[in-house]
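The values are calculated or read from the model by the stated rules, or taken from the named source; none is laboratory data. Computed from a prediction, not measured in an experiment: that's the story for all the values here. When we count neighbours, we look across all protein chains shown, and the Cβ atoms used for this are built from the backbone with ideal geometry, even at glycine.
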Amino acid sequence: MVVLKTTREISAMRNAGRVSQKALRLAGEAVEPGVSTLEIDRIVRKYIEEQGATPSFLGYGGFPASACISVNNVVIHGIPSKSKILKKGDIVSIDVGACLQGYHGDNAWTFACGDISKEAQALLDTTREALFEGIKKAVAGNRIGDIGSAVQRYVEPRSYSVVRDFVGHGVGAKLHEDPSVPNYGTPGRGVRLLPGMTIAIEPMINAGNHEVKVLSDGWTTVTADGSLSAHFEHTIAITSDGPVIMTLP
Ligand code: MG
């Protein structure tokens with residue numbers, strides 16, 4: 001069931017979005033060679049809690065940390081660890097959610113650790129642009145398939161692949177609500193977008209093929225072919241004035 005939000009709820013979500021965005025930005029600023037992913041997780045948790053919010057991911061389905069930190073071939077759901085030390089050339093996808101006064105904000109960004117290869121930078125640029133191509137289609141009257149197809153049509157001609165096994169989602173009082181928001185699809189198909197819908201659009205794009213596998217920890221999701229993967233996400237409200245990005249400063 002898709003839950004439509006009132007204007008008041010959307011402004012509450014914008015506050016949650018602001019906290020999750022700032023936590024993500026602080027995490028990104030901490031990305032540098034020699035830093036462990038656990039240290040970054042601590043920065044995220046501390047900031048969110050200082051704002052009177054709670055980390056959305058901590059304990060969600062048993063997830064043991066506040067941020068998902070996914071390096072290089074890890075697509076999503078990387079578990080922060082003291083022993084995972086970042087090195088120059090890594091690409092580091094960080095996904096952060098914060099719950100403030102009953103509403104969640106959810107966002108992700110892939111950061112470069114020092115100088116990265118041209119190939120890695122191109123993957124980051126393409127994935128980020130694909131997110132904004134999707135956001136442009138998050139317009140009342142369009143359908144979910146318009147978002148996914150916009151992402152897919154931006155990414156695939158550049159010879160990257162869209163991850164199929166994980167998708168975006170509605171977000172609000174719950175971290176994951178209906179509808180699912182795939183990063184692939186057919187224009188004009190799927191759930192119709194209405195003012196008051198709040199969704200997380202989050203392309204996960206692989207440099208190789210689209211297949212992924214989940215490691216034995218039950219979380220860490222890697223590309224099946226070992227290729228690099230990038231992930232960018234914003235929480236969006238669909239309004240009568242067009243898409244509004246909630247996860248902004
Ligand atoms: Mg999400």
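For the reader, a short list of remarks on this structure follows.
- Meets criteria (within 16 Å of the ligand (Cβ to nearest atom), under 27 Å from Val155 (Cβ atoms), of a type outside the set (D, E, K, R) and at pLDDT 95 or above) for Ile69: yes
- Selection status of Gly78, within 16 Å of the ligand (Cβ to nearest atom) and assigned to a strand (DSSP E or B): no
- Applying the criterion of being of a type in the set (Val, Ile, Thr) and within 15 Å of the ligand (Cβ to nearest atom) to the residues of the range 145-171, the residue that is farthest from Ile94 (Cα to Cα) is Ile147.
- Condition broken by Ile238, with the remaining ones in (1) assigned to a loop (DSSP other than H, G, I, E, B); (2) closer than 24 Å to Asn142 by Cα; (3) more than 12 Å from the ligand (Cβ to nearest atom) satisfied: (1)
- Selection within the range 193-220 - within 16 Å of the ligand (Cβ to nearest atom) and either surrounded by 24 or more Cβ atoms within 10 Å (Cβ to Cβ) or not in a strand (DSSP E or B) (or both): Met197, Thr198, Ile199, Ala200, Ile201, Glu202, Pro203, Met204, Ile205, Trp219
- Every listed requirement among (1) surrounded by 18 or more Cβ atoms within 10 Å (Cβ to Cβ); (2) in contact (Cβ under 8 Å) with a residue 40 or more places away in the chain is met by Phe63 save one, (1).
- Residues in the range 172-192 that are away from the ligand (no atom under 14 Å from the Cβ) and aliphatic (A, V, I, L, M) were compared, and the one that is farthest from Ala140 (Cα to Cα) is Ala173.
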